[in-house]
Amino acid sequence: MTEPSATFLLFGATGDLARRMIFPSLYNLLADGLLPDDFLIVASGRSEMSDDAFREEVCAALRQFLPADRYDDEVASQFRTMIGYQPVDAAKPDQFAALAQRIDGRLERGLSVYLSTPPSLFAPTAQGLADAGLIAANTRIAMEKPIGKDLASSKQVNDGIGALFAEDQIFRVDHYLGKETVQNLLALRFGNVMFEPLWNTGAIDHVQITVGETVGLEGRVSYYDGVGALRDMVQNHILQILSIITMEPPARMDPTAVRDEKVKVLRSLRPMTAETVKTNSVRGQYTPGAVQGEIVTGYADELGQPSDTETFVALKAYIDNWRWQGVPFYLRTGKRMPARQSEILIQFKPVRHSIFWRAGHGTGLEPNTLIIRLQPEEYIRLLIMSKRPGLERQVHLEEVTLDVSLTAAFAGQRRRIAYERLILDLLAGDQTLFVRRDEVEAQWTWIDSIIDGWKEANMKVAPYSSGNWGPSSAIALIERDGASWHD
Ligand code: BG6
């Protein structure tokens, strides 16, 4: 790692992500003294705007999106002075020259570029930077998703950027990797002795990963329709979580070691076919209903026309390697679910032989379950068997919970925005929590097999009323195997 970049250049600075996440994160880093001295933020968007007008917008966004006790006038005024605004249209080379002037004399102290724009602008922006002489050996570039809509288009995006930047300069963002709870999966697996010996097909019956959201389209019609839940959530966030849960132990916590292991497991995902998608996948789309007591409209009504885009997907996946042979991974995500809830459930197998069995009597013996709640609560719960107190000759077992609330254990520590971690790592040049090109391609390869299968099998979306965990076929997907979703 080198000295942190002294300049941060943000494209898409007037967009929603910048206002909600990127500026509040930069502000928090400044407030905690984590930005280099003399740090400069050059914000760029297509609209013409003065520095001052833009700074006002940033301060308004900070007031809106930071918790009230976090916003401090003094820090905000210091933050303002760090920001300059430069209008840039990716198609106009002279505007890149003006941008270069803003950064003049600072390039050798490191430049981190952040692309929060539609991916069609990634390559032209990179070219504009190159033509303006802004790409040096210590220039880094971060890209938001989506990186393509399938393997072929993701290759195009990566080729466009890869022609001008080396892989160790490219930081592909998956904001789930910036979440403490996702990083904590590494701590849980590799910082404790008791899980790893059991973390395989010998002891695990199945795994569930759920990422439920209560929101609907949120005005993102132009992006979301035609994309759908599989590409929007599974291709990136869910597969990243899955890879961390299932990878082999990396030799050390460094970008190459960790990402080598992740890519290996992503490549071991069993491709789906037109035949297997029929039983191993469910596509759903929300219709009107009620979410947490509020009446909401259906997807097609929000869109203003019928659509075959899925807002819910459930999958039964297999990883074809030694460790995971035969273990089903049930994955699901959707909008307009009953709760915003992300969690991983590890269902262990029953004990090999029950010593408690008595003819004609139930003993209460159940297999162990590990539940890792990623959000909104943050906890790890292990359901274990315990003897119910009493003098009965017949032992009665009951499930009790070993409950680790991370919120309580780390009370008093501020919960950080995922982007704080990611921006800090980008500035420092640490790629561990960013997605490497081969990972993106392995992810798309598997997703493409599902999309192709859906097309070939002509699988249409099944309706579900808002406020439910998807269509009933999603329940059947898991229940026919004798398991059920943990809601
Ligand atoms: C984004 C998706 O990547 O993640 C959105 O495009 C989704 O559709 C969001 O709402 C969920 O992120 P989080 O952090 O709120 O779980």
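For the reader, a short list of remarks on this structure follows.
- Every test in (1) surrounded by fewer than 24 Cβ atoms within 10 Å (Cβ to Cβ); (2) among the basic types (K, R); (3) in a loop (DSSP other than H, G, I, E, B) is passed by R336 save one, and that test is (1).
- Meets criteria (acidic (D, E), surrounded by fewer than 22 Cβ atoms within 10 Å (Cβ to Cβ) and within 16 Å of the ligand (Cβ to nearest atom)) for E196: no
- The condition of being away from the ligand (no atom under 11 Å from the Cβ), within 23 Å of I22 (Cβ to Cβ), surrounded by 15 or more Cβ atoms within 10 Å (Cβ to Cβ) and touching a residue at least 40 places away in the same chain (Cβ under 8 Å) holds for only one of R189, R172, R231, that being R172.
- When each of T214, T246, T210 is tested for being buried (at least 22 other Cβ atoms within 10 Å of the Cβ), hydroxyl-bearing (S, T, Y) and within 16 Å of the ligand (Cβ to nearest atom), the lone residue that passes is T210.
- Checking the stated criteria, P389 turns out not to satisfy the condition of being away from the ligand (no atom under 16 Å from the Cβ), loosely packed, with under 15 Cβ neighbours inside 10 Å, under 30 Å from G289 (Cα atoms) and not polar (S, T, N, Q).
- Among the candidates M253, M272, the residue that is buried (at least 19 other Cβ atoms within 10 Å of the Cβ), more than 16 Å from the ligand (Cβ to nearest atom), over 26 Å from P288 (Cα atoms) and of a type in the set (A, V, I, L, M) is uniquely M272.
- Residue count for the stretch 400-441 under the criterion of being away from the ligand (no atom under 16 Å from the Cβ) and assigned to a loop (DSSP other than H, G, I, E, B): the result is 10.
- Residue selected from the stretch 433-467 under the condition of a type in the set (S, T, N, Q) and out of contact with any Ser or Thr (no Cβ under 9 Å at 6 or more places or on another chain), by the criterion surrounded by the most Cβ atoms within 10 Å (Cβ to Cβ): T445
- Any hit, the stretch 275-283, residues being assigned to a strand (DSSP E or B) and of a type in the set (A, V, I, L, M): yes
- Hits in the stretch 328-382 - residues which are away from the ligand (no atom under 16 Å from the Cβ), touching a strand residue (DSSP E or B) at 6+ places or on another chain (Cβ under 9 Å) and among the charged types (D, E, K, R): K349, E366, R381
- Tabulated pairs, the stretch 335-355, first at negative phi, second of a type in the set (K, R) and within 16 Å of the ligand (Cβ to nearest atom), C-beta under 7 angstrom, 6+ apart or interchain: E343/R373
- Matching entry among S153, S120 (being surrounded by fewer than 20 Cβ atoms within 10 Å (Cβ to Cβ), without any contact (Cβ under 8 Å) to a residue 40 or more places away in the chain and under 21 Å from the mean Cα position of the chain (by Cα)): S153
- So N236, is it touching a residue at least 40 places away in the same chain (Cβ under 8 Å) and within 16 Å of the ligand (Cβ to nearest atom): yes
- Test: residue in the stretch 100-115 that is more than 26 Å from E3 (Cα to Cα) and not small (G, A, S): no
- Residue count for the stretch 218-228 under the criterion of being more than 9 Å from the ligand (Cβ to nearest atom) and not charged (D, E, K, R): the result is 5.
Read-outs: derived from the displayed coordinates by stated rules, not from any lab. Since the model is a prediction, treat every value here as computed from it, not as a measurement. Every residue, glycine among them, receives a Cβ derived from its backbone with ideal geometry; neighbour counts consider all protein chains shown.
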